[in-house]
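The values are calculated or read from the model by the stated rules, or taken from the named source; none is laboratory data. Just so you know, these numbers come straight off a predicted model, no measurement behind them. In this analysis, Cβ positions are derived from the backbone assuming ideal geometry, glycine residues included, and neighbour counts consider all displayed protein chains. SASA here: full protein model, heavy atoms, side chains in, ligands and nucleic acids out. Shrake-Rupley method; radii C 1.70, N 1.55, O 1.52, S 1.80 Å.
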Amino acid sequence: FDCYTSTCDSSFGCDWISIDCDDYDECTEDYCENDECSNTQIDCDDDDECTSDSCDDGCVYESIDCDDDNECTFDSCDSDTGCEHRDIICEGSSKCFDYSCDPDTGCESTPIDCDDHDECTIDSCDCSTGCTYVDKECDDYSECTVDRCDSETGCIYESVICGDDDACLVWDCDDSEGCVSYEIDCNDYDECTDDSCDSKDGCKNVYVSCDDYDECTIDECDSDYGCLYTDRDCDDWNKCTDDTCGKDGCCNTPIDCDDDNECTLDTCKGEFGCVNYYTCDD
């Protein structure tokens, strides 16, 4: 509506002059009411919570910034409610990783720890099933060890104890056959001993007896040849004895120097034997 103001001139009389209410401000609504101008601020509200409404040479609608500087949220805007921040779900296809979110960097994947702290298992991870634990093989393929596993230290190989109480056996262990025994060699390579083995006391090397119960032999033993029997020498180096050997050993019997001659003196000298001196004169 136009606004008018009245004037009166003595020559011309009353006059109505139109008033311009335009304030040249695009942010006001200009109108006339009761012959008075009114300049009312216009309402730029677009009922959109995602815009910032203002007026500068008319209504201005700027989209608001919903970025919360958090890499772990998905930022958006709803016209009715304004900014929305939905948590980002970090997930992956591998069960060998833990997925998490860091506000500064976003989604992260960290390898999971499959260590069960058991030295008897081989720990690994399968992308489809996650952690796997396989029993450790402690077999050293030796029949000379008892193989077992300790959760704290791992494989243990304890030597097999071979043997019994038989002192005549030497025990050894073969990786393929296990415990094996050998008879000990009691041979002392001395022909003067009788070599044998006692299961309790072990080797026995007993000197053999070379006594042939013959007083006419000298009995002795040689380590290389064994018993040796040498005829006993009964010679007393006395020509006046007859030297023989019998069951009691040497016998040195005086010889008879009697020449049955009354004219001789029969004597014996050890180094010559019988001596017959003539004692009768012709």
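Per-structure values
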| read-out | value |
| --- | --- |
| Thr40/Trp16 FRET efficiency (R0 30 Å; Cβ-Cβ; nearest 0.05) | 0.75 |
| The chain: most fluctuating residue of Cys162, Cys203, Cys250 per GNM, C-alpha cutoff 10 Å | Cys250 |
| Inter-label distance for Ala167 and Ile122, nm, one decimal - labels placed 7 Å from Cα along Cα-to-Cβ | 5.1 |
| Summed residue charge, Cβ within 14 Å of Phe272's Cβ, Lys/Arg positive, Asp/Glu negative | 0 |
| Debye equation applied to the C-alpha atoms of the stretch 63-119, log10 I(q)/I(0) at 0.18, 0.19, 0.30 Å⁻¹ | -0.70, -0.74, -1.14 |
| Relative contact order computed over the stretch 171-225 (Cα-Cα under 8 Å; 6+ residues apart), in percent | 27 |
| Lys136 long-range amide H proximity, modeled H, under 5 Å | Thr121, Ile122 |
| Rounded to the nearest 20 debye, dipole of the chain from Cβ charges on Lys, Arg, Asp, Glu | 2320 |
| Share of Cα-Cα pairs in the stretch 112-235 lying beyond 18 Å, as whole percent | 73 |
| J(HN,Hα) series, the stretch 105-122, from Karplus relation 6.51 cos²θ - 1.76 cosθ + 1.60, nearest Hz, glycine and proline x | 10, x, 5, 9, 10, 10, x, 6, 8, 9, 5, 9, 6, 10, 6, 9, 10, 9 |
| The stretch 1-80, relative contact order in percent, only Cα pairs under 8 angstrom and at least six apart counted | 21 |
| Average accessible surface area per residue within the chain, 1.4 Å rolling probe, Å² | 75 |
| Cut-off 9 Å between beta-carbons: net charge of the residues surrounding Ile218, Lys and Arg +1, Asp and Glu -1 | -3 |
| Cut-off 20 Å (backbone N to label point 7 Å along Cα→Cβ of Asp248), residues of the stretch 197-225 | 213-218 |
| The chain - percent of accessible surface contributed by carbon and sulfur, probe 1.4 Å | 43 |
| HN-Hα J in Hz across the stretch 32-42 - Karplus 6.51, -1.76, 1.60, θ = phi - 60°, x for Gly and Pro | 10, 9, 6, 6, 10, 6, 10, 10, 9, 4, 6 |
| Hull volume in cubic angstrom per residue (convex hull over the Cα atoms of the stretch 185-282) | 102 |
| Neighbour net charge for Lys247 - beta-carbon separation under 11 angstrom, K R +1, D E -1 | -3 |
| Segment Asp150-Asp214, extension gain: residue separation times 0.36 nm, minus the distance between their alpha carbons | 15.6 nm |
| Correct choice for semi-axes √(5λ) of the Cα gyration tensor in Å that was computed from the model, options (i) 48, 23, 17; (ii) 155, 18, 9; (iii) 46, 26, 22 | (ii) |
| Packing rank of 142-148, 32-38, where each peptide gets the mean count of other beta carbons within 10 Å, highest leading | 142-148, 32-38 |
| Förster radius 41 Å - calculated FRET efficiency between Thr28 and Cys8 (Cβ-Cβ, nearest 0.05) | 0.80 |
| Distant alpha-carbon pairs in the stretch 1-116 (separation over 18 angstrom), percent | 73 |
| Cut-off under 5 Å, modelled amide H: who pairs with Ser38 long-range | Tyr31, Cys32, Glu33 |
| Estimated FRET transfer efficiency when R0 is 30 angstrom, pair Asp231-Leu265 (beta carbons, to 0.05) | 0.20 |
| Among Tyr182, Tyr24, Tyr157: highest mean-square fluctuation, GNM of the chain, C-alpha pairs under 10 Å | Tyr24 |
